[in-house]
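Asks: Structure in structure tokens, see below.
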Amino acid sequence: MAKPKVTIDQVMAAVEADDCLGFCLECGEEASPVEPDARRYPCESCGKPRVYGAQELLLMMAL
Ligand SMILES: [Zn+2]
């Protein structure tokens, strides 16, 4: 299984910073500004709709 490109540490730091940061699960690129609960936004780096807001990612990772 591939190692996740985005770590929970990165996500938690982004949530705490509260600066509308999101992450692309496809390439690991940061995206901003995005809403904290953004889902499946297109990534400016790889073009895939896999950008999620930090808060949304935290919820997904906490499951
Ligand atoms: Zn991407």
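The values are calculated or read from the model by the stated rules, or taken from the named source; none is laboratory data. Just so we're clear, the structure is a prediction, and the values are computed from it rather than from any experiment. Don't worry about glycine lacking a Cβ; one is built from the backbone with ideal geometry, like all the others, and counts go over all protein chains shown.
Asks: Quick test of your reading of the structure: residue 41 fulfils all but one of (1) modelled with pLDDT of 95 or more; (2) surrounded by fewer than 15 Cβ atoms within 10 Å (Cβ to Cβ); (3) of a type in the set (Ser, Thr, Tyr). Name the failing condition by number.
Replies: Of the numbered conditions (1) modelled with pLDDT of 95 or more; (2) surrounded by fewer than 15 Cβ atoms within 10 Å (Cβ to Cβ); (3) of a type in the set (Ser, Thr, Tyr), the odd one out for residue 41 is (2).
Condition check ((1) touching a Phe, Trp or Tyr at 6+ places or on another chain (Cβ under 7 Å); (2) at positive phi; (3) touching a residue at least 24 places away in the same chain (Cβ under 8 Å)) across all residues:
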{"position": "8", "(1), (2), (3)": "no, no, yes"}
{"position": "23", "(1), (2), (3)": "yes, no, yes"}
{"position": "26", "(1), (2), (3)": "no, no, yes"}
{"position": "32", "(1), (2), (3)": "no, no, no"}
{"position": "42", "(1), (2), (3)": "no, no, no"}
{"position": "47", "(1), (2), (3)": "no, yes, no"}
{"position": "50", "(1), (2), (3)": "no, no, yes"}
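Asks: So, in region 10-28, of the ones that are modelled with pLDDT of 95 or more and of a type in the set (D, E, K, R), which residue ends up nearest to the chain's Cα centre (by Cα)?
Replies: Within region 10-28, the match that is nearest to the chain's Cα centre (by Cα) is 26.
Asks: Are any of the residues in region 42-54 more than 14 Å from the ligand (Cβ to nearest atom), assigned to a helix (DSSP H, G or I) and not β-branched (Val, Ile, Thr)?
Replies: Within region 42-54, the first condition is being more than 14 Å from the ligand (Cβ to nearest atom), and the residues that meet it are 53-54.
Still in the list and also assigned to a helix (DSSP H, G or I): 54.
Okay, now just the ones that are also not β-branched (Val, Ile, Thr), so 54.
There is at least one residue in region 42-54 that is more than 14 Å from the ligand (Cβ to nearest atom), assigned to a helix (DSSP H, G or I) and not β-branched (Val, Ile, Thr).
Asks: If only one of 57, 63 is without any contact (Cβ under 8 Å) to a residue 40 or more places away in the chain and of a type in the set (A, V, I, L, M), which one is it?
Replies: Of 57, 63, the one residue that is without any contact (Cβ under 8 Å) to a residue 40 or more places away in the chain and of a type in the set (A, V, I, L, M) is 63.
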